[in-house]
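Undergrad: Quick one: the structure is below, and I'll ask about it shortly.
Laboratory data are not the source of any read-out in this text; all were calculated from the coordinates shown. As the structure is a computational prediction, the values presented were derived from the model and not from experiment. Cβ placement follows ideal geometry from the backbone for every residue including glycine, while neighbour counts extend to all protein chains displayed.
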Amino acid sequence: MKSKRDFLTLRSFSAQELNQVIKRAHELKRLQLAGVEHRPLQGKTAALILELASTRTRVAFEAGMFQLGGHMIYLDPTVSHLGRGEPVSDTAAVLSGIVDIVIIRSLSQETVESFARTATVPVINAMTRYQHPCQILADIQTFEELRESIAGKRVAFVGDGYNMCNSYIEASSLWDFELRISAPEGYRPAAELLRANPRSTVVATPADAITGADLVITDVWSSMGHDAEKSARKKAFAPYQVTEALLDKAAADVLFMHCLPAHRGEEISETLLDDPRSVAFPESHNRLHSQKALLEFLLS
Ligand code: CP
């Protein structure tokens, strides 16, 4: 019997498999834009569990599953037994006999990994405090679409050394690009993760990270789970706002990405999303195509 595959961090896949998914994302986008129906997942059902808010991830998975011919059931933990204490492992065992794949967003990476250990169907990490691998698929797709291969490029991450930063650190090894990270002390990524991914380094200032970069990324200063720390974070991150003037230090054809939602006037200037170098909205649209490619990969 073929063993099931999960997508819990980017490291769940080899570099070759990740590139296969991205290549397929480009193809599925072309099919979709040409109005060609492609329904390989007819008869398949996905369950989507979101313990945290979501706009892009949810809509992209739901629309994607529909376009591929499958069906998706959204399980809101506040109105399912997950929110009333039914153990994750019991839920995983039950859903494995009913649906074909489970997509789960939780603050806890351990919850997602524990779900995957019990489930006999594939499990996708739709974001935890540790990783956001689905977002990276869309980002790489967007970079390739608008430029070329990201291998050998210089990438800057400015801001919180949290889930997006951690996934970019893994991505730097898997796609072989240089990642320069600028984050305030106390908000830097774990040294262990950096040691395991030597293409990523922490630099002193946002300007040091951005100078000469081909791609610049940031994320909100207070992600879900940081609500109690908002004012301390605003103070610590104030010197880390990405502005048009900072982007001027990057390569002439730099792209700026943000996984969204963005807080204008905090991690980015009020107008950065309107700058022609910003591709945050096309990036969000590619969540659809890259997640369709991921579903197809895991279910075909
Ligand atoms: N970027 C991202 O994951 O967006 P949502 O939180 O809206 O899903």
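Undergrad: Taking the criterion of being part of a helix (DSSP H, G or I), surrounded by fewer than 24 Cβ atoms within 10 Å (Cβ to Cβ) and in contact (Cβ under 8 Å) with a residue 60 or more places away in the chain, would at least one residue in region 155-165 satisfy it? Spell out the reasoning first.
TA: Residues of region 155-165 that are part of a helix (DSSP H, G or I), as a first pass: 163-165.
Filter again for surrounded by fewer than 24 Cβ atoms within 10 Å (Cβ to Cβ), leaving none.
Taking every residue of region 155-165 in turn, none turns out to be part of a helix (DSSP H, G or I), surrounded by fewer than 24 Cβ atoms within 10 Å (Cβ to Cβ) and in contact (Cβ under 8 Å) with a residue 60 or more places away in the chain.
Undergrad: Going through Glu144, Glu170 one at a time, which residue ends up being of a type in the set (Asp, Glu) and either surrounded by 24 or more Cβ atoms within 10 Å (Cβ to Cβ) or touching a helix residue (DSSP H, G or I) at 6+ places or on another chain (Cβ under 6 Å) (or both)? Give the derivation first.
TA: On the way: Glu144 fails: either surrounded by 24 or more Cβ atoms within 10 Å (Cβ to Cβ) or touching a helix residue (DSSP H, G or I) at 6+ places or on another chain (Cβ under 6 Å) (or both).
Criteria check complete, one pass: Glu170.
Undergrad: Filter region 108-125 for residues that are away from the ligand (no atom under 16 Å from the Cβ) and not in a loop (DSSP other than H, G, I, E, B) and give the result.
TA: Selection gives Glu110, Thr111, Glu113, Ser114, Phe115, Ala116, Arg117, Thr118, Val123.
Undergrad: It is to be established whether one or more residues within region 271-281 are more than 23 Å from the chain's Cα centre (by Cα) and either of a type in the set (A, V, I, L, M) or farther than 30 Å from Ile101 by Cβ (or both).
TA: Keep residues of region 271-281 that are more than 23 Å from the chain's Cα centre (by Cα), which gives 271.
The next check asks that each one be either of a type in the set (A, V, I, L, M) or farther than 30 Å from Ile101 by Cβ (or both); those that pass are 271.
The answer is yes, given that some residue of region 271-281 is more than 23 Å from the chain's Cα centre (by Cα) and either of a type in the set (A, V, I, L, M) or farther than 30 Å from Ile101 by Cβ (or both).
Undergrad: Out of everything in region 126-156 that is within 11 Å of the ligand (Cβ to nearest atom) and touching a Lys or Arg at 6+ places or on another chain (Cβ under 6 Å), what residue ends up being farthest from Glu113 (Cα to Cα)?
TA: Of everything passing the filter in region 126-156, Ala138 is farthest from Glu113 (Cα to Cα).
Undergrad: Would you list the strands (runs of 3 or more DSSP E) that sit entirely within region 1-107 and hold 2 or more residues that are β-branched (Val, Ile, Thr)?
TA: On the way: elements: 45-50, 71-75, 101-105.
Strands (runs of 3 or more DSSP E) meeting the threshold: 45-50, 101-105.
Undergrad: Another question, if that's okay. Based on this model, can you work out whether Leu68 counts as in contact with a Pro (Cβ under 7 Å, 6 or more places away or on another chain) and either within 21 Å of Asn286 (Cα to Cα) or within 16 Å of the ligand (Cβ to nearest atom) (or both)? Explain how you work it out, then say what you get.
TA: Numbers: in contact with a Pro (Cβ under 7 Å, 6 or more places away or on another chain): yes; either within 21 Å of Asn286 (Cα to Cα) or within 16 Å of the ligand (Cβ to nearest atom) (or both): yes.
Taking the combined requirement at face value, the residue satisfies it.
Undergrad: Could you please find all residues in region 71-81 being over 26 Å from Lys292 (Cβ atoms) and either in contact (Cβ under 8 Å) with a residue 24 or more places away in the chain or loosely packed, with under 12 Cβ neighbours inside 10 Å (or both)? Quick ask: steps written out before the conclusion?
TA: First, the residues of region 71-81 that are over 26 Å from Lys292 (Cβ atoms): 78-79, 81.
Of everything in region 71-81, those that are over 26 Å from Lys292 (Cβ atoms) and either in contact (Cβ under 8 Å) with a residue 24 or more places away in the chain or loosely packed, with under 12 Cβ neighbours inside 10 Å (or both) turn out to be Thr78, Val79.
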